[in-house]
Amino acid sequence: MNHIINLTQRPRRNRKSQVIRNLVQETHVLPSQLIYPMFLIEGNNQKIPIVSMPNIYRYSLDLLLEEINECVEVGIKTFAPFPAISDHLKDELATESYQENSLYINAIREIKKQFPDVCLITDVAMDPYSTQGHDGLVRDGKIINDETLEILAKMALAQAQAGADMVAPSDMMDGRVGYLRKTLDNAGFTETSIMAYTAKYASAFYGPFRDALSSAPRFGDKKTYQMNPTNVREAMIEAQLDTEEGADFLMVKPALAYLDVIKTLKDNFDLPIAAYNVSGEYAMVKSASQNGWLDHDRTMTEMLTSIKRAGADVILTYFAKEYATLVKNIK
Ligand code: PBG
């Protein structure tokens, strides 16, 4: 009896050994393509855990610099710090966000002084500094678009002056990319890049991040400025505007539940696409693997790979250091 069936195509031939599987691997996640978001707090020698984000900490500047140093050694060269601001420094106008000697602006200056070769991406939005916890200026319970732009511009300019390589508006106000581009150019900062949070959705996956910064909105939600999770065509409108207004990167956020949005932008625009693998996506892997329900390293790798496969050129991820350490040890 002949058990051999005549098959011309046997796709399993390309899976028959690890060497061949490596040979035909289509997608690679390199540490050089990862951006590490970090949390900065006041003080000295402070390293405070974030309960909903195991292995991620709020660092005072001295320890943040040490953490950056460790990351650089495993091949992570791009960082996106976010400040946790004391309540007494918050106000309705986010005044603290553009002060020369504030926690964040000082930190930018110091990081670039100690690590001139790293790429530093700074956050432009009002929420960490606002008593209202919203990304824009609030009046009569509404988020006021155009007046917010003036505040965001002061913030971005202060960050550029301190040495930021890229400013990243995460606020979702209309027209902010163009407004920031013009402000930076007029001040001579033509080389400061803009990474636009292009398609940022009003997502439930930001919960742990808001714990980390105590930045949850004090009233309402962010649905009048962040996008409705049901929409992908609207992402095309945002991407078109950000491109015309001078963005250097287009970002999709969150990543995992929005792989189709990443793919759509990748197929239709030629700017590099960034994806933000957000705090809730991180927390899901951590909690399930701590329970023994998922294999941590395999889940992390599969998650990052899927985001790249969908079309992201770069990924902001809290896994950056762990992933880079893992691949370094494999080699
Ligand atoms: C706000 C901002 C948020 C994140 C980055 N910038 C949260 C929000 O919009 O409320 C979330 C990042 C994460 O969840 O990892 N400007």
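The values are calculated or read from the model by the stated rules, or taken from the named source; none is laboratory data. Model, not experiment: these values are computed from the prediction. In this analysis, Cβ positions are derived from the backbone assuming ideal geometry, glycine residues included, and neighbour counts consider all displayed protein chains. Accessible surface areas use protein heavy atoms only, side chains included; no ligands, DNA or RNA. Shrake-Rupley method; radii C 1.70, N 1.55, O 1.52, S 1.80 Å.
Considering each residue of the stretch 305-318 in turn, at least one proves to be within 30 Å of residue 191 (Cβ to Cβ), open to solvent by 20 Å² or more (accessible area, probe 1.4 Å) and hydrophobic (A, V, I, L, M, F, W, C). The single residue among 173, 166, 195 that is more than 30 Å from residue 55 (Cα to Cα), within 16 Å of the ligand (Cβ to nearest atom) and either open to solvent by less than 30 Å² (accessible area, probe 1.4 Å) or at pLDDT 95 or above (or both) turns out to be 173. Within the stretch 89-100, at least one residue is modelled with pLDDT under 95 and more than 14 Å from the ligand (Cβ to nearest atom). Only one residue in 143, 121, 108 is within 23 Å of residue 43 (Cα to Cα) and within 14 Å of the ligand (Cβ to nearest atom). Which one? 121 is the lone residue from the list that is within 23 Å of residue 43 (Cα to Cα) and within 14 Å of the ligand (Cβ to nearest atom).
Within the stretch 199-254, take every residue that is assigned to a loop (DSSP other than H, G, I, E, B) and of a type in the set (Val, Ile, Thr) and give me the one that is nearest to residue 128 (Cα to Cα).
Taking the stretch 199-254 first, the residues assigned to a loop (DSSP other than H, G, I, E, B) are 202-203, 214-226, 228-232, 246-248, 254.
Then drop every residue that is not of a type in the set (Val, Ile, Thr), which leaves 224, 230, 232.
Numbers: 224: 18, 230: 27, 232: 28 Å.
Only one residue fits best here, namely 224.
Residues that are away from the ligand (no atom under 15 Å from the Cβ) and either assigned to a loop (DSSP other than H, G, I, E, B) or among the aliphatic types (A, V, I, L, M) (or both) were ranked within the stretch 319-331; the one that is surrounded by the fewest Cβ atoms within 10 Å (Cβ to Cβ) is 331. Might you check whether a residue that is open to solvent by 70 Å² or more (accessible area, probe 1.4 Å), in contact with a helix residue (DSSP H, G or I) (Cβ under 9 Å, 6 or more places away or on another chain) and more than 25 Å from residue 138 (Cα to Cα) occurs anywhere in the stretch 229-239? Yes: the stretch 229-239 contains one or more residues that are open to solvent by 70 Å² or more (accessible area, probe 1.4 Å), in contact with a helix residue (DSSP H, G or I) (Cβ under 9 Å, 6 or more places away or on another chain) and more than 25 Å from residue 138 (Cα to Cα). Candidates are the residues of the stretch 263-297 that are in contact (Cβ under 8 Å) with a residue 12 or more places away in the chain, assigned to a helix (DSSP H, G or I) and away from the ligand (no atom under 16 Å from the Cβ); the one that is farthest from residue 32 (Cα to Cα) is 290.
One residue alone among 218, 210 is under 18 Å from residue 123 (Cα atoms) and at pLDDT below 95, and that residue is 210. There is at least one residue in the stretch 203-217 that is of a type in the set (A, V, I, L, M) and more than 9 Å from the ligand (Cβ to nearest atom). Please enumerate the residues belonging to the stretch 299-331 that are in contact with a strand residue (DSSP E or B) (Cβ under 9 Å, 6 or more places away or on another chain) and polar (S, T, N, Q). Correct list: 317 only.
Inspection of the stretch 12-20 identifies no residue that is over 17 Å from the mean Cα position of the chain (by Cα), outside any helix (DSSP H, G or I), surrounded by 17 or more Cβ atoms within 10 Å (Cβ to Cβ) and among the small types (Gly, Ala, Ser).
Residues of the stretch 176-192 that are within 13 Å of residue 164 (Cβ to Cβ) and either open to solvent by 60 Å² or more (accessible area, probe 1.4 Å) or among the polar types (S, T, N, Q) (or both): 191, 192. Being in contact (Cβ under 8 Å) with a residue 12 or more places away in the chain, in contact with an Asp or Glu (Cβ under 6 Å, 6 or more places away or on another chain) and open to solvent by 20 Å² or more (accessible area, probe 1.4 Å) is a property that holds for residue 89.
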